[in-house]
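Values quoted throughout were computed directly from the atomic coordinates according to the rules given, and no laboratory measurement underlies them. Values in this document were obtained by computation on a predicted structure and should not be read as measured data. Here the Cβ positions follow ideal geometry from the backbone for every residue, glycine too, while neighbour counts run over all protein chains shown.
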Amino acid sequence: MYRVAVIGRGLIGSAAARHLTEMTDGVVVVGPDEPAERSSHTGVFASHYDEGRMARIVDPMPEWSITAKRSIARFGDLERRSGIAFFTPAGYLGLGGPGMSYNDACAKAGATQGATLRRLDAAQIRTAFPFLNVLDKADGLTETGSAGYISPRGLVAAQTEIAAKGGAVLLRDAAQSLRPVSGGIEIATMGGDTVKADKVIVATGAFTQAWSLIEKNLNLKVYGRTVVLARIDEALLAEFDGMPTMIHCESDAYILPPIRYPDGHHYLKLGNGSDRDERLSSPEKLDRWFKSAGSESDRRDFTRLMKSIFPALQACEHWRTDTCATTYTASRLPIIDFVDNDRVLVAVGGCGKGAKGSDDWGHIAATTILDAPRDHSIARDKLRFS
């Protein structure tokens, strides 16, 4: 029997497992590897099957700034201990305009956390980032030093590697059900294994409610999101030299600079979402979405937006889409709370920006499940599901 089982080996789950191995023994992690082929896969998926996520301290909500700062501060140590590089300090630019409050809110929270920030007017934006097409009254906010992008695949791999070195047992399978038994919780996997643990952390992202591992309604909203990737061939790469990660405040789109993907090509990525996107409330809907090419209307709109922001993309000949799922909570903060007395804890709800602070959300989950001393400025009440 294990002391703690972590179900889910995504960004928060792998972080929780790693932190647990530094606090206790008897840790088992239940979660499958990325499927080799999506179209024929049967089972769960995850949104960390990608090479680019934003990492920055600035955020309109202070809680996200706090956890991002604490997480980013650990990245160098995680890379060193795992031998896996996953963070590129490319910087950040919030590209706003007249009457928009997003940069103001980000700057306030970022300054509180000591981020290195600078406000830019249109002329300064054009000088610093000549590849951008900006309005004459554009407003820019930059963060340097702490901001950049994460390979979510790499971060999960690093957390998993360190957890394994720390003694965690890895069960590369998906959990199918939980049930209370004498003295603990029994986990049945899709592959037919059974694991028993004293306590369980459920960090299963978009599949948490749909997979029916948790009986209580957490009031989660899961949306299918489409991203567009423009392939930046060698002839175009120089055009984007020095490009930071970006938020386009008017559209609320996030944009990542050209990143090398497993196929050997570099892609510039744009993603966005709204409440009009498809709600994914069942395993069947999630399976279909992850195996699809996403929304055709989003593909058209996002491609048009990318070409308007980056004139050089008019010459880009190769475009593709990808899909992911985002899980929102009512509070717009993760839920890290017990749902079965003190034995089953959920840690879910990246709210579209969970990667940057995932290491710290995992730390909060680990200290909560163990009832360990908690040195954190975010009150537990803010992370409860009810």
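State, to one decimal in nm, how far the label point of T112 lies from the label point of R172, with both points 7 Å from Cα in the Cβ direction.
4.3 nm
From the Cα gyration tensor of the range 20-79, with a ≥ b ≥ c the square roots of its eigenvalues, which class applies: rounded if a/c is under 1.5, or else prolate if a/b is larger than b/c, or else oblate? Please list the in-between numbers first.
Details: a/c = 2.47, a/b = 1.37, b/c = 1.80.
It comes out oblate by the Cα gyration axes.
Can you give me the relative contact order of the range 307-386 as a percent, contacts being Cα pairs under 8 Å and 6 or more apart?
Here the relative contact order equals 28 percent.
Farthest toward the dipole's positive end in the chain, which of I84, L220, F240, given Cβ charges of +1 (Lys, Arg) and -1 (Asp, Glu) about the Cα centre?
Among I84, L220, F240, the one farthest towards the positive end of the dipole of the chain is L220.
From the square roots a ≥ b ≥ c of the eigenvalues of the alpha-carbon gyration tensor of the range 173-215, which class results: rounded (a/c under 1.5), prolate (a/b over b/c), or oblate? Don't jump to the answer; show the numbers that get you there.
On the way: a/c = 2.02, a/b = 1.37, b/c = 1.48.
Oblate.
At what distance in angstrom do the alpha carbon centres of the range 136-180 and the range 12-27 lie from each other?
Spelled out, the Cα-based centre of one part sits 13 Å from the other.
Would you mind working out the magnitude of the charge dipole of the chain relative to its Cα centre, with +1 at each Lys and Arg C-beta and -1 at each Asp and Glu C-beta, to the nearest 20 Debye?
In total the dipole reaches around 380 debye.
Taking only DSSP H segments of four or more residues, each worth -39500 (n - 2.57), what value at 222 nm results for the chain once the sum is divided by all its residues, to the nearest 500 deg cm²/dmol? Don't jump to the answer; show the numbers that get you there.
Working: 9 runs with 103 residues, N = 386.
So the calculated ellipticity at 222 nm is -8000 deg cm²/dmol.
Arrange the peptides 151-162, 364-375 so that the one whose residues have, on average, the most other Cβ atoms within 10 Å appears first. Don't skip to the end; give the middle numbers.
Details: 151-162: 23.2, 364-375: 17.9.
Going by the mean number of other Cβ atoms within 10 Å, highest first, we get 151-162, 364-375.
If you place +1 on the Cβ of every Lys and Arg, -1 on the Cβ of every Asp and Glu, and leave all else neutral, what size is the dipole of the range 1-152 about its Cα centre, to the nearest 20 Debye?
I would put it at about 300 debye.
According to a simple spin-label model (label point 7 Å from Cα along Cα-to-Cβ), what is the distance in nm between D198 and S282?
Once both label points are built, they end up 4.1 nm from each other.
Is the C-alpha gyration tensor of the chain telling us rounded, prolate or oblate? Criteria: a/c under 1.5 is rounded; beyond that, a/b larger than b/c is prolate, otherwise oblate.
Working: a/c = 1.88, a/b = 1.56, b/c = 1.20.
Prolate.
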